[in-house]
1. Scan region 370-384 for residues that are outside any strand (DSSP E or B), in contact with a strand residue (DSSP E or B) (Cβ under 8 Å, 6 or more places away or on another chain) and more than 17 Å from D339 (Cβ to Cβ) and report the count.
2. Quick check on my filter: what residues within region 67-87 are among the aliphatic types (A, V, I, L, M) and either at pLDDT below 70 or touching a Leu at 6+ places or on another chain (Cβ under 6 Å) (or both)?
3. From I620, I551, I592, which residue is modelled with pLDDT of 75 or more, surrounded by 19 or more Cβ atoms within 10 Å (Cβ to Cβ) and outside any helix (DSSP H, G or I)?
4. Contact list please: Cβ distance under 8 Å, first residue in region 439-452 and on the phi < 0 side of the Ramachandran plot and surrounded by 14 or more Cβ atoms within 10 Å (Cβ to Cβ), second residue aromatic (F, W, Y) and at pLDDT 90 or above, pairs at least six apart or on different chains.
5. Pairs only if they're at least six apart or on different chains, beta carbon under 7 angstrom, first in region 663-690 and buried (at least 22 other Cβ atoms within 10 Å of the Cβ), second of a type outside the set (S, T, N, Q) and part of a loop (DSSP other than H, G, I, E, B); list them, first residue then second.
6. I'd like the residue in region 354-365 that is open to solvent by less than 50 Å² (accessible area, probe 1.4 Å) and among the small types (G, A, S) and, out of all such residues, is modelled with the lowest pLDDT.
7. Exactly one condition in (1) assigned to a loop (DSSP other than H, G, I, E, B); (2) at pLDDT below 75 is false for D286; which is it?
8. Find all pairs meeting these conditions: Cβ atoms under 8 angstrom apart; at least six residues apart or on different chains; first residue within region 361-388 and more than 19 Å from R438 (Cβ to Cβ); second residue aliphatic (A, V, I, L, M) and in a strand (DSSP E or B).
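The values are calculated or read from the model by the stated rules, or taken from the named source; none is laboratory data. Note that the structure is a prediction, hence the values are computed from the model and not measured. Counting neighbours? That spans all protein chains shown, and the Cβs are built from the backbone with ideal geometry, glycine included. Please note that ligands, DNA and RNA were not included when accessible areas were found on the heavy atoms of the full protein model with its side chains. Shrake-Rupley method; radii C 1.70, N 1.55, O 1.52, S 1.80 Å.
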Amino acid sequence: MAGKKLPLIILAAFILGTVILIYVHNILSRNNDALIKGNEILLSEVKVNSQLRDLEKDIISIESNVRGTVVTNDTINFRVLEKDINEIESNLNQLQKISDDDRSAFYIDELDTLVQHKVRYSQQILDTFFLRGEYAAAYMFNSRYGERLTDSIINSIQKIDSTRKRHFDDANLSIRKSSGKAQRFITILIASILAGGAVLFWFIINTIRRQEQLISQLNISEKKERDSAHVKEKFLANMSHEIRTPMNAILGFTHLLERKELDEESKEYVETIQKSGEGLLTIINDILDLSKIEAGMMRIEAAPFNIRGLLHSVETMFTDKAKEKGIELFSRIDDTMADTLTGDATRLTQILVNIIGNAIKFTSEGNIVIQITNEGIKDTVVNTGITITDTGIGIEPEKLEKIFDRFQQVDDDVTRKYGGTGLGLSIVSDLIRLQNGRIKVESKTGKGTCFHIMIPYKIATDEIASNTLDDCNLPDFKDVKILVAEDNEINQGLIKHLFKSWNLSYDMVNNGKEAIEILQTKSYHLVLMDIQMPEMDGYTATREIRQRLKIDVPIIAMTAHALTGEREKCLGYGMNEYISKPIREKQLHNLIRQFVHYKEQAQVQKEHVEESTTTTFQYINLDYMREISAGDKEYEKTVTGQFIEAIPQELGVLEMSWQNKDTNALRRTAHNMKTTISVMGLNEILKPHLDVIEYETLTDKDFKQNLSFINSICKVALTEAQSFYSTF
């Protein structure tokens, strides 16, 4: 029986509590209204008091400024006087709105009349001064009529202030009463809440019991979600390894096959394989990048990089493709941009390659312009603006909003004609967002497209260590021996070929166990360790080498995983560095140079050439040429001859293009000349003038001045180059 009554009791308690709450709420609402009204009255009285004080101050200021104008004949005081009069009229208008007290209204009318007399009398003094002179104005001052008006005004202000004080006191008393009532009813409200809480305690206990059951179910669901994420990560790792390993072999051996002497048909086949392989690898990378972004495993690194060098590399990458389509490719960086920034150069390159690649793909004629600008520096962070503009097919306005969605292209015809997965711009957008940047696009159908990107990068304080390999003959590794642990036969063949071309000694084993066995009997300068191998993987083998064998030989991990945290995981097991597959020739060479100390023959040759050549020139600088040639005299002779032949022709084309008003040819020639003069070290002196011709809108006088300077430098440089050429 008691169990049946309990719900009724609880329901009755609930209804009673609700009625009490409603009653208390109404009382509190009325008290709150009274408090609000009292506060408004207080604020109003404070405002009135402030207006009275301002009015009194302005009246005194008027008299002072009138006297100052008469005495000093200074118009500045006259302008201040006009300002004071405006403020007085404004304050009087506000005071005239007071209507809650007849005495206040009477005194305010009286004050208004006195103030108007004061203002008119001040204006009469000024008029007398300007019309009849200082003596007449001084006579009016001496009558003391103005002072009596001022005293009367101050007296009226005090009367108004006295009448308003009563309103202030009444409002203050009302606030105190309302506040006291509110405190009492708040106490009643708290007591009601506590009583209701005691009644509902049983329900809370019952609810907690049900929540424990729900939490248990949620824990089970969360565990399933974690397991699912782990399976997904493992799947991505295995898929990355299984797909990139054969792709590594395809691209690597295709690259080696290109070096062979082939007939035209075979070359065409090899080029087709190379392009198809690169296209497939791009699609694979897009899918893996997308999966990593979705899984939250995309890592944005922060390392110093040279922004100008990066842009030059990207531009060089696309130069041949642009030439094949007859497209002009330009790039420019603001002089205010710092050379060295700190950020993820790999992701920036990926962004630029994707957008520029699309621009070239969808542009059949015209040009593509890449510009990097300084959009503002705060502390040590520069907002780096990147604009990529093309003259391609453009994008319809209604498609712009979806251009960054996944698997989206302009339309089906574009997909059939140009190919692609529709993932590139989506990944670009995600990469920019991960770097706290932003991207927007503007486009007109048939006119072209402009992408504008902003990514904040920190300005690096240290210089970048030069670890890149120049495009010259690779130096020999003399007296260097490397151990390679790799189970894939195709990868073994690729590494064997590279090491043979570098004159590098090595031993090859198939797994980590064999690597440990051979390290107990032989010493090596470096170990290349694959991660996934049979019998013993690379992680376990490295741990054995470090902990049991106590060998500190540098170990470079080789893996196709390329996932976030992989490098840190490798370093955590005791490895020194990490290289992802497919292995790039220059990247591997740079890592070996980094961890192995040896004497490069090319450096010896370079030093020998520098010691044996003592000729100095006024303008040309041969340092860059000798750095590239590494002592190859035939190369130096060839490029010097090309310079001597090309410069007169390009200077003639510059002048002819200007005369024919062919702006495109003019700018193209100026751009190409930068490459021609670089081999002779003339960039520093001539590049600013070539930049002016390439980028700016010139008058005939400007062009002739710049061309005259370029001609004068090139004339001497040609003489010096011919002198150098005669030494071969």
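1. Selection size over region 370-384: 0.
2. V70, V71, I76, V80, L81 - these are the residues of region 67-87 that are among the aliphatic types (A, V, I, L, M) and either at pLDDT below 70 or touching a Leu at 6+ places or on another chain (Cβ under 6 Å) (or both).
3. None of the others qualify; the one that does is I620.
4. I439/F451; V441/F451
5. Cβ pairs passing all conditions: M680/I620; L682/Y619; L682/I620.
6. G357
7. (1)
8. Hits for this filter: N367/L329; I368/L329; I368/I388; V369/I388; T380/I459.
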